[in-house]
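Below is one structure; the comments refer to it alone.
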Amino acid sequence: TTFQDGGEEVEDGAVYNVTLKKVQIQQAANKGARWLGGEGDQLPPEHTVRQYETSKIRAIKAGTLEKLVENLLTAFGDADFSYISIFLATYRAFASPRAVLELLLDRFGNLEASSHGEVSNLNSLESEMVLRAEIASVLRAWLDQCSEDFREPPDYMCLLKLLDYLKNNMPNSDMESRVQNLLKQFQDQEVEAVDGFCSTSSSGLIDGEELEISNPEEFSSFQDHVVAEQLTYMDVMLFRRVVPYHCLGSIWSQRDKKENKNLAPTIRATITQFNAVTKCVISTILGTRELKIQQRAKIIEKWINIAHECRILKNFSSLRAIISALQSNSIYRLKTTWMFVSKDVLLVYEELSEIFSDHDNYLTSRELLMKEATSKFANLDSSEKENQKKSQKRLQLQKNKGVMQGTVPYLGTFLTDLIMLDTALQDYVEGGLINFEKRRREFEVIAQIKLLQSSCNSYCLTPDQKFIQWFRRQRHLTEEESYKLSREAEAAADTNILSPKSQKSMVKRISTLFLGTDVFTPPKEQPPKSSPVGGSSGESTDSASVSSCEFNHSENEDVCVTPVSSPEDPLKKVQLRPLHAAGRPKTPAQGSCSDKGCSSKGSVSDPGSGSDSGSIPSRDSVPGSAPRVLPVYNRQSEGSCIIRVSMDGLHDSVYKSILITNQDRIPDVTQRALLKHNLEPDAVEDYELVQVISEDKELVFPRDANVFYGMNSHVNFDFILRKRA
């Protein structure tokens, strides 16, 4: 089979990509071979005659909503077999379920007035059967893949409209009974509130229970694998509930608007759980002042072992949450405590941390996730022999149980890719047509999420109510509390029995482990700063998407979640330390870091930064089409790039990614930035755009400057939108 690019076909309201597919359909003996009695499949190529068939594949590239809906009925005829799945997974970015259903049923599903090309002869019974079969096929796929689209309590208008159509056109069919059952199911179920998804909500406490700081003895009583299994159980329950279209950049990026405070509750729930795990780690380590150095080190070791168990279970969400907590400023700065962590455990910690290295657009974690997405068990490789033996032993126990494992991903990776796609690709193309090529690219990410959700059905875990109740009743420390306790713990450790000689020996042991002969130098101590962001009380951790702590001060666009926040000020968001600067010493290649931020490039929210390859990985939607390099952050390419803009004073720690070209001037960029931050775009003249060069230097642009050519391309593409004096 070979493919050839057939160009484009333009119709009224639609543009199609055409690919010619050449397939061998028969191989027969030539005339001379037949005279000798030979058969085609037994002869060498020179004695055979091949017959080929060329078919045309049409894949819609852009179109009006009417054309896109009509294409649901013709896609199979055009050999675009994935179109229905792509449309159903992404249409919420440009249309509502009601609009699509009305077009499908009233315009194209009406047997008396249909203008559908293939069934223009309405007097034919065969034509009616063809149309009925096509409509039924689309509706069946809709109910199979996206039944949540019809959950519209209390009226269920779309479901009732669909039921009415089926009663009139397909009476007593399986489809009709299925819709009736779905309607009854929705009506019987109570509408789940956002807190209903949250496994860490205080509403889950038994009457009379109160939040409490962790008791070290009680925490130590839980076996490492039990804790990992219970965290995985909670993560699996939440991840399976994630509605894939909630992850689309055009939808998730609207979460900060006041009217969208309940938008995407399934994603907010995963964020809350991620933060709860991170806070639990910090609270168990710092919550008890009376702990000795060795006891605190044992708790750190226990969490590293739990993280390793999460790795065996292929739970990358809780694994990253634990690593993030251990790399937070308040835990990382406990240098004396880290000296008492055993060498073997430190090696495990180093290997687990490397999974989430930001090198080459987080290539390690991406490749590992794709490698193990559908594998039965984790593929564990370790450079340390003892750790390898331990891992294989635990893995063998899992295999002996005969139960396959699923994979729980770190959702922030997918959210980031979808946000970057939404930023880099236009929603509409020339003529006001919906850019469906963008939706095909988004579906590649959505399909990965769905695949991983399906794999989660392989888990066979049961809840341990004792641990879950313990986990829910933990009182989480604020950033200020954890930093204060961290300083107290370190001060107490400094006055302990360690002599200067033994301290030097400990430091040398850790520095040799990580950096050869270099000296282990913790960062300068400085309390982290908080920055106000928009959001309602109690939702500070929900106002952005999942993340760990590896974001510097310029890399919080859409992906920063505060692992620790203050109940006194729920509108505060604080930053944790960058991944390579916390929990282990930085390497020269990673740049220098301080508590204020990090000079190195790259973050989960930013697939191109700090990477030579730069563009978001993708596959072509249609065979034969050439791949296209998308604009990326921190690099100007083909007359475009992506910059990050924050609002001075309002959102000074939350950045929005904005695509600019070499034609964009200050008013255009300012207007888009205001829209991204959900502010009125009319006040363009009241703002000035500033590029951050360093901590004490800024580049201020004139009112009508060309941003692309005027910006400094040798520093991070970080901008501030500030009201004019």
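Where a number appears in this text, it was derived from the coordinates with a stated rule and is not lab data. These numbers come from a predicted model, not from an experiment. In this analysis, Cβ positions are derived from the backbone assuming ideal geometry, glycine residues included, and neighbour counts consider all displayed protein chains.
What's the local net charge at residue 707, with K and R +1, D and E -1, over the other residues with C-beta under 9 Å away?
Numbers: positive: 665; negative: 664, 668.
In short, -1.
Under 1.5 on a/c is rounded, so check that first for segment 224-483, then, if it is not, pick prolate when a/b is larger than b/c and oblate when it is not; a ≥ b ≥ c are the square roots of the alpha carbon gyration tensor eigenvalues. Could the numbers behind the result be given before it?
Working: a/c = 1.88, a/b = 1.50, b/c = 1.25.
It comes out prolate by the Cα gyration axes.
State to the nearest 20 debye the size of the charge dipole of segment 640-723 about its Cα centre, where the only charges are +1 on K and R beta carbons and -1 on D and E beta carbons.
Numbers: 9 positive and 14 negative charges, 52 e Å.
Charge dipole, segment 640-723, about its Cα centre: 260 debye, nearest 20.
Quick one: what do you get for segment 640-723 if you divide its Cα Rg by 2.2 N^0.38 Å?
Numbers: Rg = 11.4 Å, N = 84, 2.2 N^0.38 = 11.8 Å.
Working it through for segment 640-723, the quotient is 0.97.
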